[in-house]
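Some notes on the structure that comes next.
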Amino acid sequence: MGHGSGDSLLLLLTHPDTPRPKILCGVTSLPGHYERSKARVENLLSSRPNLKDQTQVVLFQGDAVCRPAAISATHPLSASSEYTFDTILALDCAYHFETRFDFLRQCFGRLMPGGRVALADICFEEKPPLITRLLLSLVLRLMPQRNIVTKRAYVQGMEEMGYVDVQLEDITEDVFPGFCEFLEQQELGFRLLAKAVRLLQGWKGRFVLITGEKPN
């Protein structure tokens with residue numbers, strides 16, 4: 001999910017320490033990212049026929065949340081999808097979804113028993129005041145208001161869906177400072193993004209890894 005221009009897909013297909021999946025499904029909402037990822041994956045598989053024999057790659061361009069008004073059997077999280085998964089990843093994208101918890105409920109339905117979902121995501125140490133939530137959702141357009149949740153509410157929400165062994169690790173200090181330093185060396189648009197990230201951290205935004213398991 002949220003594979004951008006395909007780096008994470010190539011990593012899963014080639015990294016020596018990563019077991020090769022039988023099926024690798026990717027979803028992105030941006031047509032440009034979809035086309036770029038598709039081309040990169042096809043180039044890799046054409047140059048490495050052994051990979052093509054090991055892993056079936058299925059890419060989908062559209063919303064990560066499968067919408068009832070436009071249910072498609074081709075969407076990986078559709079109730080009529082032919083696929084079930086032992087692992088679902090959402091890397092630095094779920095805070096954009098409308099909504100994150102809708103996505104997680106659909107993931108629960110498509111996970112095999114004992115399967116896990118894992119997200120690199122943004123939540124908060126404590127719930128920001130209304131003015132901050134409005135800035136995040138309407139001005140900065142970083143996330144819908146319903147995705148502005150505390151770490152505790154995030155874990156609790158997943159447990160209420162049925163996930164077990166929910167684990168959250170706060171890695172903010174390993175991510176935001178270096179990310180901002182990189183952005184501040186780029187062109188103006190990226191420097192403005194760095195300011196937004198620093199504001200987010202000042203508002204007690206936290207970058208976390210969170211995982212949960214579907215019971216056997």
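The values are calculated or read from the model by the stated rules, or taken from the named source; none is laboratory data. Source: prediction; values computed, not measured. Because the Cβ atoms are built from the backbone with ideal geometry, glycine has one as well, and the counts that use them run over all protein chains shown. SASA here: full protein model, heavy atoms, side chains in, ligands and nucleic acids out. Shrake-Rupley method; radii C 1.70, N 1.55, O 1.52, S 1.80 Å.
Conditions tested, residue by residue: (1) assigned to a loop (DSSP other than H, G, I, E, B); (2) open to solvent by less than 80 Å² (accessible area, probe 1.4 Å).
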{"position": "H3", "(1), (2)": "yes, yes"}
{"position": "D17", "(1), (2)": "yes, no"}
{"position": "L24", "(1), (2)": "no, yes"}
{"position": "R36", "(1), (2)": "no, no"}
{"position": "E42", "(1), (2)": "no, no"}
{"position": "L45", "(1), (2)": "no, yes"}
{"position": "V58", "(1), (2)": "no, yes"}
{"position": "D63", "(1), (2)": "yes, yes"}
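Screening M112 against (1) aliphatic (A, V, I, L, M); (2) within 17 Å of the chain's Cα centre (by Cα); (3) assigned to a strand (DSSP E or B) leaves a single unmet condition, (2). Checking each residue in segment 136-191 for being farther than 22 Å from L104 by Cα and in contact with an Asp or Glu (Cβ under 7 Å, 6 or more places away or on another chain) picks out only R191. The residues of segment 187-201 that are out of contact with any Gly (no Cβ under 9 Å at 6 or more places or on another chain) and open to solvent by less than 60 Å² (accessible area, probe 1.4 Å), listed by number, are G189, A194, A196, L200, Q201. Here the condition is being more than 18 Å from Y83 (Cβ to Cβ) and either in contact with a Leu (Cβ under 7 Å, 6 or more places away or on another chain) or in contact (Cβ under 8 Å) with a residue 40 or more places away in the chain (or both); of L30, L24, L44, it holds for L44 alone.
Restricting L11, L77, L91, L30 to those that are open to solvent by less than 30 Å² (accessible area, probe 1.4 Å), of a type outside the set (D, E) and at negative phi reduces the list to L77.
Considering each of K195, K204, K151 in turn, give the residue that is over 28 Å from L24 (Cβ atoms) and in contact with a Lys or Arg (Cβ under 8 Å, 6 or more places away or on another chain). Give the steps one after another, and end with the answer.
On the way: K195 fails: in contact with a Lys or Arg (Cβ under 8 Å, 6 or more places away or on another chain); K204 fails: in contact with a Lys or Arg (Cβ under 8 Å, 6 or more places away or on another chain).
Among K195, K204, K151, only K151 is over 28 Å from L24 (Cβ atoms) and in contact with a Lys or Arg (Cβ under 8 Å, 6 or more places away or on another chain).
Taken together, D170, D165 contain a single residue that is in contact with a strand residue (DSSP E or B) (Cβ under 8 Å, 6 or more places away or on another chain), without any contact (Cβ under 8 Å) to a residue 60 or more places away in the chain and over 28 Å from S5 (Cα atoms), which is D165. Across segment 135-144, the number of residues qualifying as more than 19 Å from D92 (Cβ to Cβ) and either modelled with pLDDT of 95 or more or surrounded by fewer than 14 Cβ atoms within 10 Å (Cβ to Cβ) (or both) comes to 2.
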